[in-house]
Amino acid sequence: LARAFVDARFDRAVSWRAGAMSPDGCARCIFEIPTCGGFCAPTQSSEESCLRHFSNEYTLPLKSVYMRLAPCLEFAPACVRFASIGTRWGSRHRASIMMFAFALNLLALLLSVVALLGTTSNDWLTQRFPWVEGSGRTTACEGGCPFEVYVGVMMQVSYMHCGVVSNSSSDAVSRACLTRAGDMGFHDLRSTPRPGTLSRTLFWHDYHACRLAKDANLRYHCGECKKRLLPRSSVIIAVASQFPSIAKDLQRSTRFGDVNCQKSVGIFTNALGLVSSMGALVGFWYACYSTLPRGVVAGGDIRWTIGIGFHCLLLATLVKIPDAICHLLVPVPRRKWRRQVKLTLAEYMKSGEEPGSDPDASSDANTDLCDDQTAPFDSSGSGDEPA
C-alpha cells in the first residue's frame, strides 16, 4: 500500500510538471502560500538540481499579479538597469554565488536572534547576552568589593559581591559593603550559589533608572545612553528582514527563477538596511560605551567592554555588504531585460533559460536575439511591436 501510494503521488507530480493535469484545490492552496508554498509545487523550470524547489514561478512574491504589475516593477527603467549589471563569471557561477549569499544571510539571522536575546526584560538573558559590560571594584570598603554591570536595550542588571573581598574577610568589611550596596539600590540575591552577592535591576523606561548614581558625571552619561538606546522594534525588524533576504538569494539561484525586480530590491534593501542599522549602532556605541567614564569614578574603579549582543548585531549588519556584492556580480538573463507583458509568468521566467539569454552567450546567440518575438524594453510603454 505504501509503495502504491508513493507511485501514485509520483505519477501525479509528473503529470503536473508535464501540464497534463492541474493540481487540486487543496494543493493549489498550499502552493499559494508566499515563498515557502512553492517549495513543493510543480514547476516548469528545467533546472535539475534541488534549487528548482526554491527558485520557481511559485516562490516569486506577488506571483498571482506579477505580470500585471510588470510594466511598473519588472520593466521599470531602474530595475532593468540594475538587472544588466554583472559579470560573465558571476553568470557562470550563479548557483554557487547565491548559495554563498544564502549561507551568509542564514548566519546573519542566527546572529540577529542572539542580539535579540539581549533586548528582553529578563535579567538572566540580559546578563548572558549583554550589549555593554562593566566590571570593577568599589572603594567604599577596605580591599574593594567587586561588582559587575550588564547593559541591555530594555534594562541593566548589576551585581555586587560583598562576600568576596580582597585582603580582608572580616564582618566589618562585609557590613560596609552591604551598607554601600543598600544605598545604591541593591538587594540580597538569595538564589545565588555565592553568598553575599546582591543584585540590582533597573529598567530604562523607569524615570529613576539613572538617579541612583551618586556622581553627577555618571548620571549625565547614563541619561545620554538612555536617549541613544536602540528600540527593541528595530532589532526585531533586523531579525525579520533576514527572511526576505534569504528568499531573494534562493530565488536568484537559477536562471529560471531570476527576475529584474528581485535583483534591484536585493541591492536597494541591503544598502538601506546597512546605512540605517550602522547609524543606530554607532550612536549606541558612542553614548553607551565610548564616552562612559572609566577608571576611578564615584568611589569605584570600573572598566567597560562591548557585549556579545552588540557584536552579533554588528556582524549581522555587515553581512549586507557581501550580500549586495553577490547580487551585483550575478546579472539577470538577457532576455528578461525586454518587455514581455503578453506572456504568462511561467513563460516569462522560462525565457531566461533559452539560448542567448546569458550575458556571456556567444555573439551568434546575441544576434538571434534580434529575431525574438518579444520587443526590447521601451520606457514609453509602447513595446508591444518588435524593434
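The values are calculated or read from the model by the stated rules, or taken from the named source; none is laboratory data. Bear in mind that the values here come from a model prediction, so they are computed numbers and not experimental data. Neighbour counts run over all protein chains shown; Cβ positions are idealised from the backbone, glycine included. Note: accessible area is taken over every heavy atom of the protein model, side chains too, but ligands, DNA and RNA are not part of it. Shrake-Rupley method; radii C 1.70, N 1.55, O 1.52, S 1.80 Å.
Stretched out fully, how many nm does the piece from residue 110 to residue 315 gain, at 0.36 nm a residue minus the Cα gap?
Numbers: separation 205, 0.36 × 205 = 73.80 nm, distance 1.06 nm.
Stretched fully, the residue 110-residue 315 segment lengthens by 72.7 nm.
Sum up the charges of everything whose Cβ sits under 12 Å from the Cβ of residue 267, counting Lys and Arg as +1 and Asp and Glu as -1, but leave residue 267 out.
On the way: positive: 81, 248, 252, 263, 320; negative: 323.
Overall, the nearby charge balance is +4.
How much accessible surface area, in Å² rounded to 10, belongs to the heavy atoms of residue 46 with a 1.4 Å probe?
Roll a 1.4 Å probe over it and residue 46 shows about 70 Å².
7 Å from Cα along Cα→Cβ at both residue 78 and residue 341: what's the point-to-point distance in nm?
Those two pseudo-labels are separated by 2.0 nm.
What FRET efficiency comes out for the pair residue 206/residue 305, r = Cβ-Cβ distance, R0 = 22 Å, nearest 0.05? Please report the intermediate quantities before stating the final value.
Numbers: r = 25 Å, r/R0 = 1.12.
Computed FRET efficiency for residue 206 and residue 305 comes out at 0.35.
If DNA, RNA and ligands are ignored and the probe is 1.4 Å, what is the ranking of 230, 106 by accessible area, most exposed first? Could you put the intermediate results ahead of the total?
Values: 230 15, 106 70 Å².
Final ranking, largest accessible area leading: 106, 230.
Structure shown: which of 320/350; 263/350; 226/248; 248/350 lie over 26 Å apart, alpha-carbon to alpha-carbon?
Values: 320/350 29 Å; 263/350 17 Å; 226/248 36 Å; 248/350 18 Å.
Violating the 26 Å Cα-Cα cut-off are 320/350; 226/248.
Quick one: putting +1 on the C-beta of Lys and Arg, -1 on the C-beta of Asp and Glu, what dipole do you get for the stretch 29-109 around its Cα centre, in Debye to the nearest 20? Could the numbers behind the result be given before it?
Numbers: 7 positive and 5 negative charges, 60 e Å.
So the dipole magnitude of the stretch 29-109 works out to roughly 280 debye.
Tally Lys/Arg at +1 and Asp/Glu at -1 over every other residue whose Cβ is under 13 Å from the Cβ of residue 112; what's the total? Please list the in-between numbers first.
Values: positive: 232, 320; negative: none.
Net of charged neighbours comes to +2.
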